[in-house]
Amino acid sequence: MPRGVKSGRPSVHTKRQLINGIRFRTRTGIPWRDLPERYGPWGTVYGLFRRWQRDGTWHRIFEQLQARADAEGLIAWDVSVDSTVARAHQHAAGARKKGSCRSKRPAVSSPSPPTTGSDAPAAG
């Protein structure tokens with residue numbers, strides 16, 4: 001077999017068509033099975049997406065686009081964190097956990113000194 005020629009069934013759909021299907025799906029957030037037919041069978045589109053995800057193609061594309069945008073000064077690397085939108089996990093709030101390891105004994109508190117008639121303020 002000549003070099004550069006793939007064996008197997010020839011592709012019915014162009015790579016551009018499949019990539020547009022991937023872009024449509026990621027942009028809209030629809031399930032893979034609801035992909036419009038104009039992009040090809042959803043299984044074929046998903047197969048290309050997963051193959052490129054596993055072999056790192058998407059990561060390389062991202063890095064190259066990011067490097068190009070950074071070289072052109074299109075990326076601002078300033079980071080700002082606003083604590084008003086930062087949320088703590090529910091367990092970080094200090095709420096008592098159900099079944100916490102507390103002693104079975106009741107808490108011992110010192111009784112208040114009794115108030116006597118002479119200690120009470122005089123009515124006026």
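Just so you know, all these numbers are worked out from the coordinates, no wet-lab data involved. Being a predicted model, the structure only gives us computed values, none of them experimental. Here the Cβ is made from the backbone with ideal geometry for all residues, glycine too, and neighbour counts use every protein chain on show.
Compared with the alpha-carbon gap, the fully stretched path from residue 30 to residue 52 is longer by 6.0 nm at 0.36 nm per residue. Taking packing as the residue-averaged number of other Cβ atoms within 10 angstrom, the listed peptides 56-69, 35-48 run from highest to lowest as 35-48, 56-69.
Counting 0.36 nm for each residue step from residue 76 to residue 15 and taking away their Cα separation leaves a gain of 18.7 nm. Along Cα→Cβ, 7 Å out, is where each label goes; now give me the distance between the ones at residue 63 and residue 98 in nm to one decimal. That separation, rounded to one decimal, is 4.8 nm.
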